[in-house]
Structures are given as structure tokens and as C-alpha cells.
1. Remind me, relative contact order of the chain in percent, using alpha carbon pairs under 8 angstrom and six or more residues apart?
2. Quick one: what are the phi-derived ³J(HN,Hα) couplings along segment 442-454, Karplus 6.51/-1.76/1.60 with θ = phi - 60°, whole Hz, x for glycine and proline?
3. Leaving out ligands, DNA and RNA but keeping every protein chain, what accessible area does SER140 have, in Å² rounded to the nearest 10, with a 1.4 Å probe?
4. Where does each of PHE117, PHE274 land when they are ordered by accessible area, with a 1.4 Å probe and the largest first?
5. Okay, helix-only estimate at 222 nm for the chain: each DSSP H run of n ≥ 4 adds -39500 (n - 2.57), divide by all residues, round to 500 deg cm²/dmol; what do you get?
6. Is the shape of segment 186-246 rounded, prolate or oblate, going by the alpha carbon gyration tensor and its root eigenvalues a ≥ b ≥ c, with a/c under 1.5 for rounded and a/b larger than b/c for prolate?
7. May I ask which residue of MET311, TYR365, ALA199 lies farthest towards the positive end of the charge dipole of the chain, with charges of +1 (Lys, Arg) and -1 (Asp, Glu) on Cβ and the Cα centre as origin?
8. What part of the accessible area of segment 204-288, given as a whole %, is carbon or sulfur when the probe is 1.4 angstrom?
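The values are calculated or read from the model by the stated rules, or taken from the named source; none is laboratory data. The structure presented is a predicted model; accordingly, all values stated were derived computationally and were not measured. Counting neighbours? That spans all protein chains shown, and the Cβs are built from the backbone with ideal geometry, glycine included. The protein model used for the area step is the full one, side chains on, heavy atoms only, and it has no ligands, DNA or RNA in it. Shrake-Rupley method; radii C 1.70, N 1.55, O 1.52, S 1.80 Å.
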Amino acid sequence: MTAISRRRLGHLMIGTMSASVARRALAVPTPKMPRGAEIRSLRLFAEKTHPRACEARSDPDWQVRWNRLEQIADTLTDGSYFMEARRALAWFGDGHTTILPFEFTGGVPETFKAGPFGLTLPFRARAFDDGVFIVSATDSRQAILGAEIARVGNADASTLIMTVAREWPGNLAWAHRWAAMPFSRPALLQGLGAIGDPAAPIPFALLRNGQGQAVRLAPDRKDNPPRVDVARLKTDRENWAGAAGRGNYVRLLADRRAIYVSIDEMADSEGMSFERLTREMVSAFDHSETDRLIIDLRRNGGGNNLLGEPMRKIIGASRFNRWGGLYLLIGPQTFSAAQNLANRLERETLAIFVGTPTGGAPNHYGDATLFVGEATGISAIISTLPWFDSSPQDKRPWIMPDIIVPDRFSDWIAGRDSAFERAVSHQPEGHVALQSTDRSLYFQRPSQAAIWRPFWNRA
């Protein structure tokens, strides 16, 4: 087993796993044990590794999940085996304990390549708050670019995502973050019960401008074929990132009287250490005409949660730490070490949160350790440490934004960043004193009781 640092885990969850761990995850060319034995081995590993292991071992639901799975493991399809193992680990519900997608472990293990996991569909999709849309496709399938997926096989899009989210290893926002993945992967569609034969052409019902379109897409075994992205305009934020050459940067917006700090990873990146990022933010504070600081954590899957401590303390002592002076942009990809920074700024400042819910909980578990199965080569990660940044009474699954701004496909296509625009132009009403109930019991402030309703969550 290989220990994974919070930095590497954060990178892994956004798709940049190290080559050494990737090779380890693929180093199972032939089965060495039955799948049932692999499940038993994974269960025992989780029961001795996770901080809640003692609680798990004594819980009847945990026992039923694993006893049942061990009995049926060798009879399941590859996709069902993958999904059932993930559901079993989802008992912990902490986001860091799960079966990893093969896209983030270096590829499909050799033991799975000949089956449905070796098949791909000619597109990639992304889940927005208003639907699942096709955002890239192979040359021969460019006609489906920008279409909304209404149905796959015998399951409509909402039902398919709800099936995944119901026992996802984490909160519903974290499920939404990965919700589009099964739509282009026949093995997962079979495992979810949406299709029968994963090698046969799969019927899709698509929508475009309210008009329906029925297509049948044939899976093939091409390994990551070239795809064309849907035509769209870039947001100002994307242009700024392009000019900076990185996702961590500071932008002075003098005409908006604001300072914008993009933090896409809690890590030292090439050409921009986190210390330098913090110093550049402080230098921007010298521009006295600015009266608003906007911190953007929407694309941040984690890293090292200690790197943000100097920044957090400086922000707390700055002139921006006042009602209407500090804004945090958050979303489902705000996770792990980025969640830690959001937690601490929520607890210790008067920040106003804008966007959609975070992918992690204020009190969560992390610092995962890697498990690689000897039968199939599946890679699992199991949390090892608690990170409780909030009150012991705080049971929230996420930080809910004080101002909810849905992530819509139409905005993305048009190059509009509605959450940023709301943060840079917002004029707060009234005043929140440091000793008010809303701030001393910050996790119970009215905004945290709001309901987030992406298209698939109508419960």
C-alpha cells in the first residue's frame, strides 16, 4: 500500500496523478485471487485504516454491504463490480474514501481492458446545474456537440445521476462534480443498469433548443481518440489565467475596485510558489482604491492545507475583512485542502460565499492511503486522518454559498462568469457585527439552510 499526501491526493482527484502511483495501480497483469477475496482484503484494509474503522466494524449496515458483496463479487459484470465496491466504501461518506476512476490511476488495468472498461463512447460530457451537456466529441460525431443528454438506454439523465449520488462517497455536490463520467463509459452504464450489452450501439435521447434528437452511438476500443471541443467564448477569468500561464495568480481590477485571487491548487506550481502568490496578494493590498477582495476556489481539488495558513491570517487582519469586503467563490470542485481554507476563512472572517456548494464538509477525513486490488487492479483510497476545522456541532455536508449562483451551460457557452459578476458587484444589505448570532454560530446562519437544486435533485 502507498501513502498519498494531501497534495498528491488533491492532484489525483483533478487528474494529475504521479507516474509512480499510476504504475503501481496498473501493476496487476493477471488475477492473483478471486474477486470475493479481493473484496475481503479491501474491507479489512478499510477496517484497520480509517479513523472510523471501529464504528464501521460494529455497524450492521457496513457488515451487510460487505458480506453481500463478497458473496456475489465473482458473478458481477466488471461495471457492476466497480460500482458495488464504491457503494460499499461510501458508508464512510467522506469523499476521500472511494474507488478511484481509472482515468486518474494511469488507465484501465490489464485485467479489465478486454472487457467493457476497454470500450469508450465518442464524446465527453459535463454536468451543469441545468443539465448534462456534450462538451467534446470525435470528428465524426461533431453534430452532437453542445447537445443536452436527456436519456441513455432505459434511464433518463436525472435518474442515472440520482442512482450514483444516492450512495456516492461524499456529499451531493461532490457527486455532481463527477456526475457526467458514466455517460460516456459503457461499463459504468451497464453497472448502473442503463444498458444491457455494453458492446452494442447505445441509444441516446438528446435535446437542442427544445428539440429532441435520437442517436445510437457505437462503443469502440480506441484509447483516448482525438476530440473536438464545443465552440464557446472564454470568460475573463480564463483569459486572465491564460495570460498568467497558471491557475494560481493575482489580478488587480482597478476599474472594479477589486483584487481577484485565483487559487486552482493548494500547492507550489511552476513559476508560482504559494508563498509568492501570498506576497503578490499582499502587494495588491497597497492599491488603496480597492475595497473588495475576491478569492476563487472553484477549481481547487486540494493539495497542502498548511500552505494557505499565512494567507488566511493576512486576510483576517486586512481591511477587506468586513461585511461586503471579502468574497469567496466556491463550487463542487472545492475539496480537500481547498475545503480547509474555505472552512477557516468562514470561521474566522466575515467572508460572503458565492456560487454553489463545496464538494467537501467543514469537518471531514482525508490524507488517504492507496489500496490496489490483486484480482482486478482496482485502486481504492482510504482516509487516515480527521480534519475538523469547524465546531463539533457542525454536521453540514458542505458550505452552502450565502449567494447561490447556478452553474449554467448557457453561461459557460457565452463566456459569462455569473458567480464572479455577482461577487464583484454585490451590495450587501445591513451589517453583520462580529458578535452577532450569525457569526458566532456561523454554521447555523440562515444561508446554510438553503436547498441547492441542480436539475437532477428534485427530492
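1. The value is 20 percent.
2. 4, 6, 10, 5, x, 4, 6, 8, 5, 10, 8, 10, x
3. About 100 Å², rounded to the nearest 10.
4. Final ranking, largest accessible area leading: PHE117, PHE274.
5. Calculated at 222 nm, the ellipticity per residue is -8500 deg cm²/dmol.
6. Taking the square roots of the gyration eigenvalues as a ≥ b ≥ c, segment 186-246 is prolate.
7. The Cα lying farthest towards the positive end belongs to ALA199.
8. 45
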